[in-house]
Amino acid sequence: MRLEDIVKEWVELGKQDLATAQFLLTMRPVPLEIVGFLCQQSVEKHLKAYLIQNGQEPDKTHNLVFLLASCEAFTADFRVLSDNCSQLNMYAVKTRYPYPENLDLEMIKMALSRAQDVVKAITNHLRVE
């Protein structure tokens, strides 16, 4: 499979995660944990797409801060995404188990906004059609 196709596949999966998160916000009750998880997953997949585009095999990790640091080796501009990635990190694992602490709709809306911002910034550096 061509490198461009691999990158495109990662990006498409990340877009699907973000679109699904947005759709789930229309449900009542909103599945907060799932929306948060999908926001984190979308960012993770976009970061991994960027690393692959730059010839680096991404580590098998869900840690967005670690992945972002790897991306910064290619684009120092990504440092501005650090806070968003740090805040989204908790949704990788914590929300996959019962009774996450202090999770509410406002937090999830903020998670979606953070994910959208990060995805937009990364997408501006991706060469996909």
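The values are calculated or read from the model by the stated rules, or taken from the named source; none is laboratory data. Predicted model only: the values in this text are computed from it and were never measured. Note that we place each Cβ from the backbone using ideal geometry, even for glycine, and neighbour counts take in every protein chain shown. Ligands, DNA and RNA are excluded from the accessible area calculation, which covers all protein heavy atoms including side chains. Shrake-Rupley method; radii C 1.70, N 1.55, O 1.52, S 1.80 Å.
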Reported set for segment 57-72 where residues are without any contact (Cβ under 8 Å) to a residue 12 or more places away in the chain and either at positive phi or open to solvent by 40 Å² or more (accessible area, probe 1.4 Å) (or both) is E57, D59, K60, F66, A69, E72
State whether the residues of segment 88-100 include one that is polar (S, T, N, Q) and under 30 Å from M1 (Cα atoms). no
Identify all residues within segment 15-33 that are assigned to a helix (DSSP H, G or I) and in contact with a Leu (Cβ under 6 Å, 6 or more places away or on another chain); write none if there are none. D17, T20, A21, L32
Mind checking whether some residue in segment 24-43 is within 17 Å of R79 (Cα to Cα), among the charged types (D, E, K, R), surrounded by 15 or more Cβ atoms within 10 Å (Cβ to Cβ) and in contact (Cβ under 8 Å) with a residue 24 or more places away in the chain? no
Within the bounds of segment 28-50, is there any residue that is within 17 Å of L126 (Cα to Cα), of a type in the set (A, V, I, L, M, F, W, C) and within 10 Å of the chain's Cα centre (by Cα)? yes
